[in-house]
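Notes follow the structure.
The values are calculated or read from the model by the stated rules, or taken from the named source; none is laboratory data. No experiment lies behind these values; they were computed from the predicted model shown. FYI the Cβ positions are ideal-geometry reconstructions off the backbone, even for glycines, and counts take in every protein chain you see.
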Amino acid sequence: MEKTLDLKLKAIHADPAGAKAFIIADAKDADMAFGIGAPGYSPESHAGETRQRTLSEYREQIRQVANQAAVDIVLMSASTAEVLVQGERLFDNSPVTAAVRANDTTDIWIARGGRYALEPSRPFRTATIDHAQCGRYDCTDEERRRGVNLGLYSITFNNRLELDLRALEEYRTFRLEAEQKRFRHFLELFDPNAPEGLVPEQVPSFINDCVARLLAGIPRASRPVFLKMVYHGPRAIEELVAYDPHLVVGVLGGGAGTTYDAFKLISEAQKYGARVALFGRKINNAEHQLSFIKFLRLITEGVISPEEAVRAYHAVLQQLRIKPHRSLEDDLQLQTNVMSYGGNSFSVPAGIPNSHVGETSQRHAGLAIEDALRQQSISGAGFSDKPDFSKMSREEKLAWNRAKRNRIFG
């Protein structure tokens, strides 16, 4: 099956100025950063039962996102990809592209009580290309087709010569191996996590210059298919896009924030030239991930504004009888988000207007709700909208939640 990622990349390069294609990725690779806390908290909040999701539940959410097919990429750890891609063949007949985190620099090592992210970033690769492609070391050419053929490689520049030089040397080694093994990648650039001689106002231009200088020495066969960067506001992203229209720029989501943070960020980034958004915690911490993703897509397609989408999303939560994390009023506020795993990077985004919004278009909100609930066609035999959780086992509660999701989205 043709992947929407490939179709959209072709459209963008065929008409860099006029193409409307926009790529959305769900980053479910946080187990390579946060460890046990990666899956987030369970949506079940019954008295005395608040708990973190398990790895199995995290992978079940990936299955649902892949089956929904509203995103173009699902990014995973190599171990999860082995289960879902090589084992279950989840993506074989899906328009969604599977990807793995190809390296894990030290600035994303977020262990409880750990201090690694406070030190200047150093390059490291736990995953190997062979393991991503076939699940074992030294794949044959035929075996490489079994697994994943797209990886995220991350670099953090800190304006420290020896450290940045080593990071670039490691990236060169990876690129040469990836080219030899026909493994595509996209490049993530975090803001400096422990910079030297930089003030926050200099970071956007510093990162842009590092990107342009780096890519100047890379031929097409070894280039990243797109970039994943912090959104620093209109001027910085427009500068990159104007410099090279074929440079496909994507923005990362950073911390969860409010729903309006996520919806406004993707809208603003697209307006000023971004072609990709990769949201991890913003999706994973949403009350209902599939609805949240659906509204991200509707925003990028110009069907609904970010403000309308927040109101419509809350209406969907009400329909599903899901308690929102915040009131609608609070969820329509912009917070200062920090765009790094460790939480100590520079904050953005400049240029986004304040939180006052006008009247919501009821027609668009209604259409969005109808679209999100369109799959509510299963009769629901044996399904109770008001179960007695006090009499249910943990397995029964998980089964009830799965049945509820299926009842709504098919």
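Being more than 30 Å from HIS131 (Cβ to Cβ) and loosely packed, with under 15 Cβ neighbours inside 10 Å is a property that holds for VAL199. Only residues that are among the charged types (D, E, K, R) and surrounded by fewer than 20 Cβ atoms within 10 Å (Cβ to Cβ) were counted in the stretch 70-103, giving 3. Once the stretch 192-220 is narrowed to residues that are of a type in the set (Asp, Glu) and farther than 20 Å from ARG122 by Cα, the residue that is modelled with the lowest pLDDT is GLU201. Kindly indicate whether GLU179 is on the phi < 0 side of the Ramachandran plot, in contact with a Pro (Cβ under 6 Å, 6 or more places away or on another chain), touching a residue at least 24 places away in the same chain (Cβ under 8 Å) and assigned to a helix (DSSP H, G or I). No: the conditions fail for GLU179.
MET1 fulfils the conditions (1) at pLDDT 95 or above; (2) exposed (fewer than 15 other Cβ atoms within 10 Å of the Cβ); (3) not β-branched (Val, Ile, Thr) except for a single criterion, (1).
Annotation: of all residues in the stretch 221-259 being of a type in the set (A, V, I, L, M, F, W, C) and over 15 Å from PHE190 (Cα atoms), the one that is modelled with the lowest pLDDT is ALA256.
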